[in-house]
Ligand code: PMP
């Protein structure tokens, strides 16, 4: 598997970063995960825009122009021997000595990308939906930055694994925020409800696409805060992310969501998503 580190392509297993890298010492960096279908990066411009936003928020100068990023991603995609890929892209503040929380006067960002085979939900999973649990959101107040310091998300996802479910939905001050690694939509009385973007959640590239698709297809959608009680009383609950795409949550904390099966609005949205994906791949 060929990966990229600071200007060079090499087999992933051969790549190493210095132990003083601030990504390693402080979790001082940001990342993106870009899905690639049939060797075509999906929504790359949107991912690069969010990367810029994350870099700005943590005050790391973007080491590459959009054209350079596009070329690096293109080359990485071409180097793999599998067509559907999940591109992980990470920029840290780089290595610095002595260790000091404050920014070093001069450090060169570490740029690392690698590709994994993309595994999207199986037809069975799409048809059956998945289970989720809820938990208190104990993360910091800048969850809109796609930061590599993910300890709270790691613990929340492990909670899902321990509970033998697919996702942990995070609740803060009585409000449903997002999943440990996904955004959450709710359907109530035929209307799709989306928690409004804020500093408390990561606005997913998939989240934005779902909103676009709802508009395109005249599906009623409202951005509004969703309480934990409203989540539990929802007719449908979906999770979205670049790798999970759109997946119905049919069980929440051991109780059925709506009728306990993927709902009609979910099915319509998934069909729009799949058609959109196919359209992009044929371009
Ligand atoms: N929220 C969090 C916390 C995430 O980790 C992710 C996945 N990266 C998302 C939302 C969904 O984002 P996207 O649709 O861009 O994959």
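None of the figures in this text is laboratory data; all of them are computed from the coordinates on show. Computed from a predicted model, the values in this text were never measured in an experiment. Cβ atoms come from the backbone with ideal geometry, glycine included; neighbour counts cover every protein chain shown.
Using only Cα atoms, tell me the angle between helix 205-216 and the longest principal axis of the chain; keep it within 0 to 90° and round to the nearest 10.
Tilt of helix 205-216: around 40 degrees.
Can you tell me what share of the DSSP beta bridges in segment 123-281 is antiparallel? A percent to the nearest 5 is fine.
65 percent
Could you tell me the relative contact order of the chain? Use alpha-carbon pairs under 8 Å, at least six residues apart, and round to a whole percent.
Numbers: 533 pairs, mean separation 50.6, N = 283.
Reported relative contact order: 18 percent.
Which residues does the label zone of residue 173 cover in segment 110-139, counting backbone N under 16 Å from a point 7 Å along Cα→Cβ?
What the label zone holds, given the 16 Å backbone N cut-off, is 136-139.
Report, to the nearest 10°, how far helix 66-79 tilts away from the longest principal axis of the Cα atoms in the chain, using its own Cα long axis and a range of 0 to 90°.
Long axis of 66-79 versus the principal axis of the chain: about 80 degrees.
If I fit a long axis through the Cα atoms of helix 44-58 and take the longest principal axis of the Cα atoms of the chain, what angle between them do I get, 0 to 90°, rounded to 10?
Its long axis makes an angle of about 70 degrees.
To the nearest 500 deg cm²/dmol, what mean residue ellipticity at 222 nm is calculated for the chain from DSSP H runs of n ≥ 4 alone, each contributing -39,500 (n - 2.57), summed and divided by the residues?
Value at 222 nm, helices only: -9500 deg cm²/dmol.
Quick check: residue separation of residue 215 and residue 8 times 0.36 nm, minus the Cα distance between them. What number comes out in nm? Don't skip to the end; give the middle numbers.
Details: separation 207, 0.36 × 207 = 74.52 nm, distance 4.20 nm.
Extra length available between residue 215 and residue 8 comes to 70.3 nm.
Please report, in cubic angstrom per residue, the volume enclosed by the convex hull of the alpha-carbon atoms of the chain. If you can, show how the numbers build up before the last one.
On the way: hull volume 38.0 nm³, N = 283.
Value for the chain: 134 Å³ per residue.
I need to check one value: relative contact order of segment 2-117, counting alpha carbon pairs closer than 8 Å and at least 6 residues apart, in percent.
Numbers: 186 pairs, mean separation 43.8, N = 116.
Once divided by the residue count of segment 2-117, the mean separation gives 38 percent.
Can you give the translational diffusion coefficient of segment 1-160 in µm²/s, computed by Stokes-Einstein from the Kirkwood radius over Cα pairs at 25 °C and 0.890 mPa s? Write out the running numbers ahead of the final one.
Details: Rh = 17.3 Å.
In µm²/s, the coefficient is 142.
So if each residue of separation counts as 0.36 nm, and I subtract the Cα-Cα distance between residue 163 and residue 232, what length gain in nm does that give? Display every interim value, and only then the final one.
On the way: separation 69, 0.36 × 69 = 24.84 nm, distance 1.80 nm.
Difference between extended and current length: 23.0 nm.
Could you work out the relative contact order of segment 123-281, using alpha carbon pairs under 8 angstrom and six or more residues apart, expressed as a whole percent?
Values: 290 pairs, mean separation 40.9, N = 159.
Dividing the mean separation by the residue count of segment 123-281 yields 26 percent.
Tell me, Kirkwood radius of segment 114-266 from alpha-carbon pair distances, in Å? It would help to have the intermediate numbers written out before the result.
Numbers: mean 1/r = 0.0645 Å⁻¹.
Averaging 1/r across every pair of different Cα atoms and inverting gives 15.5 Å.
As an exercise, use a Förster radius of 35 Å and the Cβ-Cβ distance of residue 281 and residue 53 to find the FRET efficiency, rounded to the nearest 0.05.
Working: r = 27 Å, r/R0 = 0.76.
That pair, residue 281 with residue 53, gives E of 0.85.
If only Cα atoms are counted, what is the Rg of segment 1-78, and what is its Dmax, in Å?
When restricted to the Cα atoms of segment 1-78, Rg and Dmax are 13.4, 37 Å.
Return the whole-Å distance between the Cα centroid of segment 223-283 and the Cα centroid of segment 1-65.
That distance is 29 Å.
Can you sort 278, 206, 134 from fewest to most other Cβ atoms within 10 Å of each residue's own Cβ?
Numbers: 278 11, 206 23, 134 18.
In increasing order of surrounding Cβ atoms, one gets 278, 134, 206.
For residue 135 and residue 223, calculate 0.36 nm times their separation in residues minus their Cα-Cα distance, and state this gained length in nm to one decimal.
Length difference between fully extended and current span is 29.4 nm.
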